[in-house]
Amino acid sequence: MLPLFVLRALRQVGGSRSYKQAAAGTQTTAQAAAKTEAGPTVMVAIEQYFPSDQRIIIHDLAYSAPPSGARAFARAMWPMADQNSMVCATERAFTCLWTSIMCCKRYVDEVLIGSFAVIDAVVDLGAGVDTRACRLPSVAEISMSQVDQLANIKSKQDRLCVHFGRLLENVTLVGIRPRPRSTRPHLGLAGL
């Protein structure tokens, strides 16, 4: 069975549309892309049901990060058979998708952890529901600016406030419009 969130994500970013159709509807495509934020985070949440020695990513906030519908989907994967079938179905439908997303996330985590002593700021473009600033203790001292579309930033801000009761001091959330020619003006307004 094909994971529904993966299928939707591919359709929303223009999976079956031609280049001309996608170019003509850039704003629609950008808005649809904003809705794909939860897919990788749900995958991480599902992985948290695996035994700790089989996880690529250890993520204490995995269940609270995605939107409510995505959280319910992740919780539905509780039985081990469902987890394995989810991973296998994803890998059959999209070769190496599950593995590559998990490994990419782990790689970025390790690079940040390994370089926190020599960097003083990180700008995360297309941050979605990324939670590195909250879940990696060694990067809690680094200024993290997370840039994404306004809808994603608002949703993320709400979830962070519910989980922590406030926004984290080291995190700056920057919302941008779906079709900026450059992120520079938005970053400048945020003091970056």
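Spot the failing condition for Ser68; the list is (1) hydroxyl-bearing (Ser, Thr, Tyr); (2) over 21 Å from Cys103 (Cα atoms); (3) buried (at least 16 other Cβ atoms within 10 Å of the Cβ), and only one is missed.
Going through the list (1) hydroxyl-bearing (Ser, Thr, Tyr); (2) over 21 Å from Cys103 (Cα atoms); (3) buried (at least 16 other Cβ atoms within 10 Å of the Cβ), Ser68 breaks only (3).
Please go through the range 143-159 and give me each residue that is under 13 Å from the mean Cα position of the chain (by Cα) and either more than 17 Å from Pro67 (Cβ to Cβ) or part of a helix (DSSP H, G or I) (or both), ordered by number.
Val147, Asn152, Ile153, Ser155, Lys156
Name the residue that is surrounded by the most Cβ atoms within 10 Å (Cβ to Cβ), counting only residues in the range 112-142 that are acidic (Asp, Glu) and part of a loop (DSSP other than H, G, I, E, B).
Looking at the filtered set, the residue picked out is Asp130.
Scan the range 85-111 for residues that are of a type in the set (S, T, N, Q), under 30 Å from Leu150 (Cβ atoms) and surrounded by fewer than 18 Cβ atoms within 10 Å (Cβ to Cβ) and jot them down.
The one that is of a type in the set (S, T, N, Q), under 30 Å from Leu150 (Cβ atoms) and surrounded by fewer than 18 Cβ atoms within 10 Å (Cβ to Cβ): Ser100.
Do any residues in the range 135-150 that are touching a residue at least 40 places away in the same chain (Cβ under 8 Å) have Cβ atoms under 6 Å from those of residues that are surrounded by 19 or more Cβ atoms within 10 Å (Cβ to Cβ) and among the basic types (Lys, Arg), where the two are at least six apart or on different chains, and which pairs are they?
If the second residue must be surrounded by 19 or more Cβ atoms within 10 Å (Cβ to Cβ) and among the basic types (Lys, Arg), no pairs are left.
Limited to the range 172-182, what total is found for residues that are modelled with pLDDT under 85 and either of a type in the set (A, V, I, L, M, F, W, C) or crowded, with 19+ Cβ neighbours inside 10 Å (or both)?
1
Got at least one residue in the range 157-171 being touching a strand residue (DSSP E or B) at 6+ places or on another chain (Cβ under 7 Å), surrounded by fewer than 19 Cβ atoms within 10 Å (Cβ to Cβ) and at pLDDT 85 or above?
Yes - at least one qualifying residue is present in the range 157-171.
The values are calculated or read from the model by the stated rules, or taken from the named source; none is laboratory data. Just so it is clear, the model here is predicted, and its values are computed rather than measured. When we count neighbours, we look across all protein chains shown, and the Cβ atoms used for this are built from the backbone with ideal geometry, even at glycine.
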